[in-house]
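For reference, the structure discussed in these notes is given below.
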Amino acid sequence: MPLRSKLLQVPQYREKYLQYVKELAANHITVENLGPVIDHYRELVKEEVAMDTRKRTTLDAFMTATNPPGEGGNVIASLFGFIEQRREFLLKHEDISATSEIQLSPYANSPQSFGDSHVPLTISEFMASNQRIVKNADGEFEDWIEIYNASDEDVALKGLYLSDRDDDLTKWQFPANAVIKAGQYLVVWADESGEKKGFHTNFKLSKSGEVIVLSNGKTVIDRIQFGMQTTNVSQGRLNSSDGKLDRLTPTPASANQKLR
């Protein structure tokens, strides 16, 4: 009997396994998360596919199978359709749907507080023109800003702010109990919906360029100034030490990848 099967015969291991499968299906196996990955590798290999004289399918079939929804592809027969069907199957599976949800949260019991001189947070990535990369909880494509905690301690965001103006540092305040886990990323929606609960700022980002400022209301913790942006392409830092901005393959809430 395979080791996995033996482990899943232990009730507490099986319960934990099903909880994680449920978490992955509900919040990670989504078109919004995996779509940018498909787009990236499609662009990377499509010229090779076109030149391949021994391929078992046509270039049109390859493009159809990797077309995002709304680009003329048959979604049911595409990778995007597979993602949606697999997610639906997992979430409706009798054992998975019956299990309790695992408790994963951006809020921590004992986050670390830092003085004004050193808050280990950076503006890691942002997108000022998002038309098909990732949706917010309302199913809308909105601008977003990613914050990275480079430390090995959870960092409390109480008393910290984001702004798109140097002369108004307190434009939007993080929720009082919000925390970024050690070594993790947090996505904030710059969707001009500050009245909503959670991470929704009261400003949008300008595609033509502006600033993003992270501060405690008085002291600037990090600041990015950017110019004209390309739709569905993010910008951010591949090396936090030099502060240089690079065009990126969008990876909200995960490590940055240079655009290829």
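Considering the range 176-218 alone, what residues qualify as being outside any loop (DSSP other than H, G, I, E, B) and of a type in the set (V, I, T)? Before the answer, list the steps.
Initially, the range 176-218 is screened for residues outside any loop (DSSP other than H, G, I, E, B), giving 179-180, 185-191, 200, 204, 210-215.
Hits for the range 176-218 are V179, I180, V187, V188, V211, I212, V213.
Give the number of residues within the range 171-221 that are among the hydroxyl-bearing types (S, T, Y) and without any contact (Cβ under 8 Å) to a residue 60 or more places away in the chain. Quick ask: steps written out before the conclusion?
Going through the range 171-221, the residues among the hydroxyl-bearing types (S, T, Y) turn out to be 185, 193, 201, 206, 208, 215, 219.
Then keep just the ones that are without any contact (Cβ under 8 Å) to a residue 60 or more places away in the chain; that gives 193, 201, 208, 215.
Residues flagged as among the hydroxyl-bearing types (S, T, Y) and without any contact (Cβ under 8 Å) to a residue 60 or more places away in the chain within the range 171-221 amount to 4.
Exactly one residue among K171, K244, K197, K258 is farther than 30 Å from I38 by Cα, out of contact with any helix residue (DSSP H, G or I) (no Cβ under 6 Å at 6 or more places or on another chain) and surrounded by fewer than 14 Cβ atoms within 10 Å (Cβ to Cβ), and that residue is K197. Within the range 1-26, the only residue that satisfies the criterion of being surrounded by 13 or more Cβ atoms within 10 Å (Cβ to Cβ) and polar (S, T, N, Q) is Q19.
When T170 is tested against (1) at pLDDT 90 or above; (2) under 14 Å from the mean Cα position of the chain (by Cα), only condition (2) is not met. Can you say whether T53 is at pLDDT 85 or above, surrounded by 12 or more Cβ atoms within 10 Å (Cβ to Cβ) and either of a type outside the set (A, V, I, L, M) or touching a Lys or Arg at 6+ places or on another chain (Cβ under 7 Å) (or both), as far as the supplied structure shows? No; evaluated as a whole, the condition is false for this residue.
Filter the range 222-233 down to the residues that are assigned to a strand (DSSP E or B) and in contact (Cβ under 8 Å) with a residue 60 or more places away in the chain, then identify the one that is surrounded by the most Cβ atoms within 10 Å (Cβ to Cβ).
From the range 222-233, those assigned to a strand (DSSP E or B) are 222-226; that's our starting set.
With the extra rule that they be in contact (Cβ under 8 Å) with a residue 60 or more places away in the chain, the set shrinks to 222-224, 226.
Values: D222: 18, R223: 14, I224: 20, F226: 18.
Going through the qualifying residues, I end up with I224.
The values are calculated or read from the model by the stated rules, or taken from the named source; none is laboratory data. These numbers come from a predicted model, not from an experiment. As a convention, Cβ positions derive from the backbone with ideal geometry for all residues, glycine included, and neighbour counts pool all protein chains shown.
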